[in-house]
Each structure stands twice: as C-alpha cells, then as structure tokens.
Amino acid sequence: FRHLRCVFGVTRAEKPCKREIDGFNLRSQVAFDSGLVQVVSAGQIVDANHPAIGIAFDPPVSHLTRHVIAVPVPFGAIMSPDNPLAGRKTLRLYDLVDANIPLIFPDSSISTRPIIEDIMTKSSLDVQPVITSSNREFVLGLVKAGAGVSFQTPVGIRRELREGSLIFIPFMEPGIKPHQLTVLVNAQRPPSLIASLMAEATRAGVADLLKN
C-alpha cells in the first residue's frame, strides 16, 4: 500500500489513528496549531518517500511549507431544527441576543473563540454565554437537545446536517472573514499526486457541505 501521513491542526491534543482508505495506508497525527508547520516540514512515516501532508484551518505562513489549496469555509451558528431562527438564511449575533436565545461558547482553547469575541466587540454587544466548553460532543449534544445555540463552521458536522439534527446558518457580520481550510506540504518537496488528490478532496468536500 502507498503510505500517507496526514497531520491535522487543532487547538488541543487528540489521539492519532491509522486507517486504510481507497488503497492508501493512512496514518493521522494531530498537532497543536503552533506546531503544525514543524511537523509537516519534518514529517515522514517510513522514509523520505512517504511525506506528511497537513490539513488545518488558517495555518501560519512559513517558508518551510507550501499551501496547496485554501478553501474558504463560512463561520456561523449551529442550532436544532426546532429553534425559532432555524429558517433563516443568514444571521448576526445581534439576532440571537435579541431573540433571547441561550448561547453556548467554545472556551479560550478553541480557535473560534476569538472570532466570537471580535464580533461582540465590533457589535458593542455584552453577551454572557450560559455554558462555556471545549468538549465538542458535549456542546453538540446540548445544541441537538435545544438547550442553546453554538458557533463553528459546518466542517465536522456533516452527518448531523444530513440527518437534520443540526442546522448551520452562516453569519453575515461586517468584516468577518471565512476560515481557510488549507492543505499544506513541505516546501522543499516537489508537487505530488497525493497532495493534489487531497486538495481536490478538500475542495469537493467543502462544496458538498455548502450546497445543502
């Protein structure tokens, strides 16, 4: 089998895993955002012929890595289908505050927290969340149960969006920019077929998410 090491950039540690996908022996490793560049630039799974490929939101720019593709992904609110605002096409944070809907915030270890704080500052809103958590499954469970609204991109909740247990509504806030879901490789290595395939899979996957 061909070997590929994927490194996923996150804000907190998670366990690595190994999988076989479509003829590729995939070993995934999760790195803190701050160490993603170093892992990708030095990473290999068996030898120099089996390089690492990084996938992350908004990775830091470095001469050690090259960005193969950066796909914009909107940031917004997730809620249960029973929420009174679930039929909206877009939202602003003010809409949620005005409707007196309980808000569930990610804690400061999650990369989306600064986005929410920036929106609050620019909107002159003093928002107090009912819950703050870094536990993704806990937050998704609360949102599904109708206990409140939380915030993220649609990446990572495809199943819930397809089955209708969650609704994603993008924010339309002045100055807010979409996240860039980026595939990055070692800048010193020549372009590879697998990196191109990973880039196309990322682009197609995000497009599929956003069409629903």
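So which of Ile119, Ile101, Ile78 ends up being part of a strand (DSSP E or B), modelled with pLDDT of 90 or more and either surrounded by 14 or more Cβ atoms within 10 Å (Cβ to Cβ) or in contact with an Asp or Glu (Cβ under 6 Å, 6 or more places away or on another chain) (or both)?
Ile78
Collect the residues in region 61-75 that are under 21 Å from Pro154 (Cβ atoms) and either open to solvent by 20 Å² or more (accessible area, probe 1.4 Å) or of a type in the set (Phe, Trp, Tyr) (or both), keeping them in residue-number order.
Ile69, Ala70, Pro72, Pro74, Phe75
Only residues that are open to solvent by 30 Å² or more (accessible area, probe 1.4 Å) and either modelled with pLDDT of 95 or more or not in a loop (DSSP other than H, G, I, E, B) (or both): list them for region 166-179, please.
Ile167, Phe168, Pro170
Take the residues in region 180-200 that are hydrophobic (A, V, I, L, M, F, W, C) and open to solvent by 50 Å² or more (accessible area, probe 1.4 Å); name whichever of them is farthest from Leu91 (Cα to Cα).
Leu193
Here is a list of conditions, (1) open to solvent by 60 Å² or more (accessible area, probe 1.4 Å); (2) in contact (Cβ under 8 Å) with a residue 12 or more places away in the chain; (3) under 30 Å from Val61 (Cα atoms); (4) assigned to a loop (DSSP other than H, G, I, E, B), and Lys89 meets all of them except one; can you say which number that is?
Just one mismatch for Lys89, condition (3).
The values are calculated or read from the model by the stated rules, or taken from the named source; none is laboratory data. In this text, all values refer to a predicted model and were calculated from it rather than measured experimentally. Because the Cβ atoms are built from the backbone with ideal geometry, glycine has one as well, and the counts that use them run over all protein chains shown. Calculation scope for accessible area: heavy atoms of the full protein, side chains included, ligands and nucleic acids excluded. Shrake-Rupley method; radii C 1.70, N 1.55, O 1.52, S 1.80 Å.
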